[in-house]
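Trainee: Supplied in structure tokens, the structure appears directly below.
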Amino acid sequence: MKYLATGRAAAPVRARAGGLFTARYLSFVSAMGLSSLGDAAWYVTLAWTLTETTSPGRAGAVLALASLPRLLTLLGGGAIADSAGPRRVMFRADVARAGVMALAAGVVVVTGPDVVVLVVAAAALALFSAFFVPASGAFRARLLPREHLVRGNALYLSGLRGGQALGGPLGGGLLALGGVPLVAVVNAATFGLAAFAVRKARGLPGSTDDRARAHGDATADAAKDTSPPTSRTFRQQIADGLRTVFRRPRLRSVLLVIGLVELSAAGPVNVGVVLLAGTYGSGAGGAGLLLTLFTVGATAGFLLTLVWPARRRAGRVVLLGSVIQACSLATLATVSSLHWALVPYCLIGLVSGVGGIVLVSLVQRWSPESARGRVMSVQALLVFGAAPLGNLLIGVLAEGFGMRTALTAHAALAACAALTLLLVRPLREARLD
């Protein structure tokens, strides 16, 4: 992520930075977790309201369409983060999302929970999140000294997942207590608090790119840095960001691994739990249990990374995780009982948690500061795009060839990720110390 000043300033910066658990970073993570709690409560409310007013199939289609603005604008959001500064973009995105929720609450009070109003609000939230997500990835390292980047990402993601886990029950309770307007107001308040925390947050002095050079991370890639965003048109800024990825072998390779890992797990974790539960004859309860085991594994991965961050052996940790993910998916293709599927799902969650943190940290570390927001937008596009593509892939394969073939194909994708990590030396020997 972010970068520290010049070689002369590197030592003082480290002294002033303190540890991971500073009030500055903890307050930032807490606010982001609170924001995700309100957002999860809103989406539970949205899904419930849509299924009450239309069919489940149409509700799913509407929710999928409402997420399209995020996918379509992520690359532009990264360019704006680099041009205007990630902290400013995060602040404005949170203020805008708070405004959307406050406006939605007012409209719903007048018109009732109209489907069009709810879908427009969901699409607006998705649009502004396209600016927030890459800016967040580009900003977090500015809050952290270099040695705490991995653990800082783990703490941040733990806060987000914790908020999402609590948001579901909260949304149900608020919906019963005050209806859709109350949920929208609470979500607006959490976005407002998050904006306040971002406003107060200040990055470490200087540039971490320079400190990275002091630690020997500088390579010939430095000569390929993009031009300052302010000197380019908006379209040129996006193109420069894509060129940054394609011209840097390490970035290109790590993003390829992210895409393969995400695609291999997205379908089995989303639609796959329902299909497998149906195969096992365990119904919705079985699907919920599989998803719970995945979540437990992912949470354990975040906590493990907080205690034992992958640093000197970062590349080997991701390689091992990809192998475990491939083996777990291959195991799911052979078992015929729900009980035998529980451990593989937990393992997939565990390695997804650990590997995801390491991979995003590598992207942040290897991205030039001038284009970090745009590189993070490419990474986010791979992650968010994997869900609908993975759902489609496993559905088509399962219908045409059966679940065993579908899961075997997903295991092959994870194996391709492992093979890439094994063959590309900078990935295999990647370090985050």
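The values are calculated or read from the model by the stated rules, or taken from the named source; none is laboratory data. From a predicted model like this one, the values you see are computed outputs, not experimental measurements. Using ideal geometry, Cβ is built from the backbone for each residue, glycine included, and neighbour counts are taken over all protein chains shown.
Trainee: So which residues in region 303-321 are more than 11 Å from Ile348 (Cβ to Cβ), buried (at least 19 other Cβ atoms within 10 Å of the Cβ) and modelled with pLDDT of 90 or more, if there are any at all?
Mentor: Residues satisfying the conditions are Thr305, Ala314, Gly315, Val317, Val318, Leu319.
Trainee: Taking the condition surrounded by fewer than 22 Cβ atoms within 10 Å (Cβ to Cβ) and assigned to a helix (DSSP H, G or I), does Leu382 pass?
Mentor: yes
Trainee: Right, another one. From the list Leu306, Leu342, exactly one residue is under 19 Å from Ala141 (Cα atoms), assigned to a helix (DSSP H, G or I) and over 17 Å from the mean Cα position of the chain (by Cα). Which is it?
Mentor: Leu306
Trainee: Separate question: Exactly one condition in (1) part of a helix (DSSP H, G or I); (2) surrounded by fewer than 19 Cβ atoms within 10 Å (Cβ to Cβ); (3) in contact (Cβ under 8 Å) with a residue 24 or more places away in the chain is not met by Ala194; state its number.
Mentor: (2)
Trainee: In the list Met1, Met90, which residue meets the criterion of being in contact with a Leu (Cβ under 8 Å, 6 or more places away or on another chain), crowded, with 23+ Cβ neighbours inside 10 Å and either modelled with pLDDT of 80 or more or not acidic (Asp, Glu) (or both)?
Mentor: Of the residues listed, the single one that is in contact with a Leu (Cβ under 8 Å, 6 or more places away or on another chain), crowded, with 23+ Cβ neighbours inside 10 Å and either modelled with pLDDT of 80 or more or not acidic (Asp, Glu) (or both) is Met1.
Trainee: Let me confirm something: among Val323, Val360, Val354, which residue is under 22 Å from Asp82 (Cα atoms) and either in contact with a strand residue (DSSP E or B) (Cβ under 8 Å, 6 or more places away or on another chain) or in contact (Cβ under 8 Å) with a residue 24 or more places away in the chain (or both)?
Mentor: Within the list Val323, Val360, Val354, the selection yields Val360.
Trainee: Exactly one of these conditions fails for Tyr280: (1) surrounded by fewer than 21 Cβ atoms within 10 Å (Cβ to Cβ); (2) of a type outside the set (Val, Ile, Thr); (3) touching a residue at least 40 places away in the same chain (Cβ under 8 Å); (4) within 30 Å of Asp433 (Cβ to Cβ). Give me its number.
Mentor: (4)
Trainee: Could you check, for region 250-267, whether at least one of its residues is touching a residue at least 24 places away in the same chain (Cβ under 8 Å), touching an Asp or Glu at 6+ places or on another chain (Cβ under 9 Å) and over 22 Å from Ala61 (Cβ atoms)?
Mentor: Yes: region 250-267 contains one or more residues that are touching a residue at least 24 places away in the same chain (Cβ under 8 Å), touching an Asp or Glu at 6+ places or on another chain (Cβ under 9 Å) and over 22 Å from Ala61 (Cβ atoms).
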